[in-house]
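All remarks here apply to the structure that follows.
The values are calculated or read from the model by the stated rules, or taken from the named source; none is laboratory data. Keep in mind it's a predicted model, so treat the numbers as computed, not measured. Ideal geometry is used to build each Cβ from the backbone, glycine not excepted, and the neighbour counts take in all protein chains shown. Each accessible area value is taken on the protein alone, full model and side chains, heavy atoms only, with ligands, DNA and RNA left out. Shrake-Rupley method; radii C 1.70, N 1.55, O 1.52, S 1.80 Å.
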Amino acid sequence: MKLTLPISLRTFCLGTTLALAAVLAGCKPPSGDAPASGDKAGTKSLTVGFAQVGAESSWRTAETKSIQDEAEKRGVKLKFSDAQGKQENQIKAVRGFIAQGVDAIILAPVVETGWEPVLREAKQAKIPVVLVDRGVKVEDESLFATLIASDFVAEGRMAAEWLVKKTEGKAQIIELQGTPGAAPANDRKRGFEEGIKASPEMKIIASQSGDFTRTGGKQVTEALLKVHSGATVIYAHNDDMAIGAIQALEEAGKKPGSDVIVLSIDGVKGAFEAMVAGKLNCTVECSPLLGGMAFDAVEKAKAGTAMEKKTVVPDRVFDQSTAKDELPNRKY
Ligand code: AHR
């Protein structure tokens, strides 16, 4: 059956078809062309996999948001995976990203060791891996493009130096460690031990993992206080564990911040609020706002531009004397 359209409709259809063809032609640049105008630094069409540790702390949630926001800002398609604190989940996620042929992978590794095989697979597939916040121990450093992170050893040392001054070199310390095997747990322990070494009357009387979580910090503190009721200091490898410890101290009838000095690392808003309330004494900042730097590195890796193997994010120390003024400025 032959369908006859009125002239006005035929003109409309022809016009629409031509317009559509023009739009499609504009959308698809011929291969080898520069990115379409409006792309920010040419990342619009990139697909990036982000293998995140989990959501164990408020710091971690802030890091996730920073990376997601930046991806959106740059028009990058982000594939997100939450490993729930398990390395095997993260390895699976990275393999999944490789199978999907992503342009690059951002990895915040749960622990330091055990990454060679999967990083080698990514390298063979020519997919650059940008490490954020935590490093890995590998013999061949060409397995990753770059690492963007704080200096965790320096953070531990800064916490110790603050404490030595505050206590005049005398303390019975309970240490709440982060996730066993994680770079910040290993390094913050080492830095802190180095920082108190010259003070023989500063002793770590107990040290246990609270897994970087608030619940972990609370439970471990409850248990350790029963055995070490004479503890004068709690040093936590992150703010969330310190906030859990503060709850445990209060429930045990002690005044955190005065009966027992509490110090930690991260600099999240909750830590500043606790300092203003007089319950936390000190926090060493560790910025989770790594999105901008992470995608700059992805772009450089894709463009084959040389970059440093490690970019150290600078940190600062805050205590109750500076907390109130700083609180309104906190972005995480
Ligand atoms: O790797 C950074 C650490 O991991 C943060 O200190 C902590 O809060 C997080 O879970």
Entries of K218/K309; K79/K309; K189/K279; K92/K324; K189/K324 with Cα pairs more than 32 Å apart: K218/K309; K92/K324
Other-chain or far-sequence residues with amide H under 5 Å of I261's (modelled H): V233, I234
Distance histogram in 10 Å bins (all Cα pairs of region 40-190, percent per bin): 11, 37, 31, 14, 6, 1
Linear extension gain, Q68 paired with S258, 0.36 nm per residue minus alpha-carbon span: 64.4 nm
1.4 Å probe accessible area per residue over region 152-221, in Å²: 44 Å²
Calculated on alpha-carbon atoms, Rg and Dmax of the chain in Å: 25.3, 99
Convex hull volume per residue for region 98-159, taking Cα atoms only, in Å³: 86 Å³
Dipole moment magnitude, nearest 20 debye, region 174-302 about Cα centre, only Lys, Arg, Asp, Glu C-beta charged: 140 debye
Largest-first ellipsoid semi-axes for region 174-332, taking √(5λ) over the Cα gyration tensor eigenvalues, angstrom: 31, 18, 14
Antiparallel content of DSSP bridges confined to the chain, in %, to 5: 5 percent
Assigned charges on the beta-carbon of Lys, Arg, Asp, Glu; the chain dipole about Cα centre (debye): 1040 debye
Within the accessible area of the chain (1.4 Å probe), percent carbon and sulfur: 54 percent
Solvent-accessible area per residue for region 225-332 (1.4 angstrom probe, square angstrom): 43 Å²
For S209, distant residues with modelled amide H under 5 Å away: Q177
Segments 160-173, 201-214, 308-321, 105-118 sorted - mean Cβ within 10 Å per residue, highest first: 105-118, 201-214, 160-173, 308-321
